[in-house]
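Read through the structure below, which is laid out as structure tokens, and then see the notes.
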Amino acid sequence: MNPVIEFEKLTVRFGNLEALKDVSGRFSGRSIGLLGPNGAGKTTMIHTLLGFYPPAGGSARIFGKDIVQDAREIKALIGYMPENDSFIAGMTAVRFVAMMAELTGIPANAALERAHEALFYVGLGEARYRTVETFSQGMKQLVKLAQAIVHGPRLLFLDEPTNGLDPPARLRMLRLIREITAHAEMHLVLSSHLLRDVEECCEEVLILKKGEVAVQCNLEEERRSNKKFVELETRGDTSRFIDAIERFGCEWAQSAPRRYKMVLPEGLKISQLYEAASEHEVQLRKFTFKRDSLEDIFLKAMGNENGSL
Amino acid sequence: MAVYKHSYRRYEGDLTARWQRLLVLPRYAYRGVFQSRFFLIFFVICLIVPLGAALLIYLRHNIGALDLMNIPDDAILPINATFFEWVIQIQGSFAFLLTVFVGPGLVSPDLVNNALPLYLSRPFSRTEYVVGKMSVLMILQSCVTWVPLCVLFLLQASLAEGNWISANTRILVAILLGSAVWILLLSLLAMAISAWVRWKAIAGALMFGVFLVGAGFGETVSALFNTKWGSLFNISSMMQVIWEWLFFGGASETGETVNRLAAGQVPVWSACLALVVIGLCCLFLLSRRIRAYEVVR
């Protein structure tokens, strides 16, 4: 499958600050999630792909086109929904979206027709003759989505699309995003710090930490793989117990004080864990089996060198 | 099918040419600008002087009409370079007022509402954005400067006897070049101010300030140091020097050579240089502000 986005040692610097450090990766799925805590470099990565910041080193390609040399061609193929409020003052929603379509090269009449369609599609049909500044936060998010899809891009960048939305509006936005990627032959890059949003909409995930790639994985494959996960809640001094389970070959991460998540290796019996706990005088207050989730992947990625948080 | 029944579909039709996309910005801007009745009335007022000038040209060439109105021949201004320079100066002032009215609202609302990423994430560069926004002003200014003046020139040429056009080609060049310099300067200044001042009223006041404070400062410098170079801070005065040179060259209409420095004016080259420096400063200011996102280091 042809990659949608490829990075090769992409580095972005702002003065002395390295916002992205040697980021490499290759994504070919329909939907890509960008995850990371605040300041991890998610938005910088999107902005660099959009050509807003020049790379200080390395390269990136979208649909095989270089983001620096073929910037104009790439921009004709993408749609972008920014994180913050972005609109043109004094314009009705339909004029605003039509203007954005015209700037992408769609003739005036077709742009107006598509603006109406896009606004109905995102659920703003009835409000399309209102000026954008009178919209609520949720409506502003939807009009940003409408302007991003009005010209029928092949790749859509959504930067924190559920920011400031109440739960029903958030669910509607996520449903829309899933619908767009499923039916509109459109690829998606979704940047969010909300794991649930990414988990619900994306096939592949890139987790960034301090400007570097912490984890790159295919969520579908992770979901399909039948790893055995357990979650433990303990009491007592766990240091020797942890040493013991490491000797069993368990990967582990601490999700909260006294709470551990573990991946059990093939052949390890649950009774061995109980025996180790008993031997090291650790009480097991809770013991639950758990399938791998994005939260686990994220917590592992955010963990320090010894695997704990 | 009704539009609300359409589901999402890709656009597969033809795309417009790159230059056509530049005109999207003025087209949308004019819808907003001409919604103001005050602006519409002012725009019409801007065209009164060229209409009056057209009437003068007509009367100048119609002795019968002058006789009917009992106006002596010599009561009407001769139609020459002085006449056109007079009209261009008046129309230049109207162009300035139009710029004060429209200019402040061009860039600042986009910066305040974070609209630049929306423009620049499309196949639309920073340069195209600046040119597109400037064209909003330049088209309006053209409508009150070189366009009516060229019409007046052609009217005079059609009514005058002999080879008036070939004898007065310099006037046409002066109209076009003089207007171009003035329009470009005003547009760049207005864009730069609009990019740095968020409030429209203050940006408009600053446009006046650049001219008035500059003139005052220039006069002070000239008086303090007993020099004529203080005029380089006075944009109107520099424009005056350039217009005079364009219409008359190094000589007055009577053919006398004019020593401009002695007459209290700076040389043409220095005025041109000063305007180029102002233009470059404006471009620098624009390049600092017209970005999708500002990087805080």
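How big is the dipole moment of the protein assembly as shown about its Cα centre under a simple scheme where the beta carbon of each Lys and Arg is +1, that of each Asp and Glu is -1, and everything else is neutral? Debye, nearest 20, please. Don't skip to the answer; put the middle values down first.
Details: 61 positive and 56 negative charges, 193 e Å.
The dipole of the protein assembly as shown has a size of about 920 debye.
Residues of the stretch B:91-136 losing 40 Å² or more of accessible surface, assembly versus chain alone, probe 1.4 Å, please list them.
B:ASN113, B:ASN114, B:LEU118, B:TYR119, B:SER121, B:ARG122, B:PRO123
The stretch A:231-248 to the stretch B:269-286: how many Å between their Cα centroids?
Each part's Cα centre sits 72 Å from the other's.
With +1 on the Cβ of every Lys and Arg and -1 on the Cβ of every Asp and Glu, and nothing else charged, how large is the dipole of chain B about its Cα centre, in debye rounded to the nearest 20?
Using Cβ point charges on Lys, Arg, Asp and Glu, chain B gives about 1920 debye.
To the nearest 10 degrees, how steep is helix B:200-225 against the longest Cα principal axis of chain B, on a 0 to 90 scale?
Helix B:200-225 and the main axis of chain B meet at about 40 degrees.
Whenever you get a sec, line up B:CYS282, B:CYS143 from highest to lowest accessible area (probe 1.4 Å, protein heavy atoms).
Details: B:CYS282 5, B:CYS143 55 Å².
Largest to smallest exposure gives the sequence B:CYS143, B:CYS282.
What residue among A:ALA89, A:PHE157, A:SER24 has its Cα farthest toward the positive end of the dipole of chain A, where the charges are +1 on Lys, Arg and -1 on Asp, Glu, each on the Cβ?
Ranked along the dipole, the leading option is A:ALA89.
Could you work out the helix-only [θ] at 222 nm for chain B, with each DSSP H run of four or more residues adding -39,500 (n - 2.57) and the total divided by the number of residues, to the nearest 500 deg cm²/dmol?
-22500 deg cm²/dmol
So what is the accessible area of the stretch A:226-291 per residue, in Å², with the probe set to 1.4 Å?
Numbers: 3960 Å² over 66 residues.
That works out to 60 Å² for each residue.
Need the full-extension length gain, A:LEU284 to A:PHE14, defined as separation in residues times 0.36 nm minus the C-alpha distance. One decimal, nm. Don't jump to the answer; show the numbers that get you there.
Working: separation 270, 0.36 × 270 = 97.20 nm, distance 4.87 nm.
Separation in residues times 0.36 nm, less the Cα-Cα distance, equals 92.3 nm.
Relative to the longest principal axis of chain B, what angle (0 to 90°, nearest 10) does the C-alpha long axis of helix B:81-102 take?
Around 20 degrees separate the two axes.
B:MET238: accessible area at probe 1.4 Å, nearest 10 Å²?
0 Å²
Aspartates and glutamates within cross-link reach of A:LYS75: Cα-Cα under 13 Å, excluding same-chain residues under 8 positions apart?
List returned: A:ASP66.
Taking +1 at the Cβ of each Lys and Arg and -1 at the Cβ of each Asp and Glu, which of B:ASN168, B:THR227, B:ALA95 sits farthest along the dipole of the protein assembly as shown towards its positive end, judged by Cα position relative to the Cα centre?
B:ALA95
Where does helix B:268-289 land angle-wise versus the long Cα axis of chain B, in degrees 0 to 90, nearest 10?
Tilt of helix B:268-289: around 10 degrees.
Taking K and R as +1 and D and E as -1, what net charge do the other residues with C-beta under 12 Å from the C-beta of B:ARG10 add up to?
Working: positive: A:ARG114, A:ARG154, B:ARG9; negative: A:GLU117, A:GLU185, B:GLU12.
Within the 12 Å Cβ shell, the charges total 0.
Can you give me the accessible area per residue for the stretch A:58-146, using a 1.4 Å probe, in Å²?
Values: 2960 Å² over 89 residues.
Here the per-residue accessible area is 33 Å².
Could you tell me the total accessible area buried at the A-B interface, probe 1.4 Å, in square angstrom to the nearest hundred?
Working: alone 15260 and 17070 Å², together 28350 Å².
Approximately 4000 Å², summed over both chains.
Send over a whole-number figure in Å² for the accessible area per residue of chain B, probe 1.4 Å.
Numbers: 15010 Å² over 297 residues.
It amounts to 51 Å² per residue over chain B.
Give the accessible area for A:GLU204 in Å² (nearest 10); use a 1.4 Å probe, count only protein heavy atoms, and leave out ligands, DNA and RNA.
A:GLU204 has an accessible surface of roughly 20 Å² with all protein chains in place.
Order B:LEU77, A:LEU10 by their accessible area, 1.4 angstrom probe, all chains in place, largest first.
Working: B:LEU77 85, A:LEU10 0 Å².
Output order, biggest surface exposure first: B:LEU77, A:LEU10.
Calculated from DSSP H runs of 4 or more alone, at -39500 (n - 2.57) each and per residue, what is the 222 nm mean residue ellipticity of chain A, nearest 500? Working shown, then result.
Numbers: 11 runs with 113 residues, N = 309.
That calculation yields -11000 deg cm²/dmol at 222 nm.
What whole-number distance in Å separates the alpha-carbon centres of the stretch A:11-26 and the stretch A:162-214?
23 Å
By the scheme Lys and Arg +1, Asp and Glu -1, what is the net charge of all other residues having a beta-carbon under 11 Å from that of A:VAL132?
Residues close to A:VAL132 contribute a combined charge of +3.
Going toward the positive end of the dipole of the stretch A:168-257, with +1 on Lys and Arg Cβ and -1 on Asp and Glu Cβ, which of A:PHE229, A:PRO257, A:HIS187 do you reach last?
Toward the positive end, the furthest listed residue is A:PRO257.
For the stretch A:101-244, with all protein chains present and a 1.4 Å probe, just round the carbon and sulfur fraction of the accessible area to a whole percent. Don't skip to the end; give the middle numbers.
Details: 2690 of 5630 Å².
Ligands and nucleic acids excluded, carbon and sulfur give 48 percent.
Average partner chain C-beta neighbours within 10 Å, per residue of A:167-178? List each step's numbers first, then the result.
Values: counts 0, 0, 0, 0, 0, 0, 0, 0, 0, 1, 0, 0.
Neighbouring Cβ atoms belonging to other protein chains average 0 per residue here.
Could you give the distance between the Cα centres of the stretch B:141-197 and the stretch B:6-75, to the whole Å?
Between the Cα centre of the stretch B:141-197 and that of the stretch B:6-75, the gap is 14 Å.
Pop out a list of residues from the stretch A:7-42 that are at least 10 Å² less accessible with all the protein chains around than in their chain alone; 1.4 Å probe, no ligands or nucleic acids counted.
Buried by the other chains: A:PHE14, A:GLY15.
What part of the accessible area of the stretch B:1-104, given as a whole %, is carbon or sulfur when the probe is 1.4 angstrom?
64 percent
For Cα pairs less than 8 Å apart in space and 6+ apart in sequence, what is the mean separation divided by the residue count of chain A, i.e. the relative contact order in percent? Before the final figure, lay out the partial values.
On the way: 582 pairs, mean separation 58.0, N = 309.
Here the relative contact order equals 19 percent.
Just counting partner chain Cβ atoms within 10 Å, what average do the residues of peptide A:109-122 show around their Cβ?
On the way: counts 1, 5, 3, 0, 2, 6, 1, 4, 7, 2, 2, 7, 5, 1.
Average neighbour count from other chains, rounded to a whole number: 3.
Report, in cubic angstrom per residue, the convex hull volume of the C-alpha atoms of chain B. Walk me through the intermediate numbers first.
Working: hull volume 64.6 nm³, N = 297.
Expressed per residue, the convex hull around the Cα atoms of chain B is 217 Å³.
Percent of Cα-Cα pairs per 20 Å bin, from 0 to the last occupied bin, for the protein assembly as shown, please list those.
17, 37, 26, 14, 5, 1, 0
Mind grabbing the accessible area of A:THR288 for me, 1.4 Å probe, Å², rounded to tens?
Rounded to the nearest 10, that gives 50 Å².
Of the listed pairs A:LYS9/A:LYS65; A:LYS21/A:LYS140; A:LYS42/B:LYS133; A:LYS65/B:LYS133; A:LYS144/A:LYS300; A:LYS42/A:LYS300, which have alpha-carbon separations greater than 26 Å here? The partial results should precede the final answer.
Numbers: A:LYS9/A:LYS65 16 Å; A:LYS21/A:LYS140 33 Å; A:LYS42/B:LYS133 31 Å; A:LYS65/B:LYS133 30 Å; A:LYS144/A:LYS300 34 Å; A:LYS42/A:LYS300 18 Å.
Cα-Cα > 26 Å for A:LYS21/A:LYS140; A:LYS42/B:LYS133; A:LYS65/B:LYS133; A:LYS144/A:LYS300; rest within.
To the nearest 20 Debye, how big is the dipole of the stretch B:85-181 about its Cα centre, given +1 on the beta carbon of each Lys and Arg and -1 on that of each Asp and Glu? Mind showing how you got there, number by number?
On the way: 4 positive and 4 negative charges, 52 e Å.
Charge dipole, the stretch B:85-181, about its Cα centre: 260 debye, nearest 20.
The values are calculated or read from the model by the stated rules, or taken from the named source; none is laboratory data. Here the structure is a predicted model, which means the values were calculated and not measured. Cβ: placed from backbone, ideal geometry, glycine included. Neighbour counts: every protein chain shown. Protein only, heavy atoms only, side chains kept; ligands, DNA and RNA dropped before computing areas. Shrake-Rupley method; radii C 1.70, N 1.55, O 1.52, S 1.80 Å.
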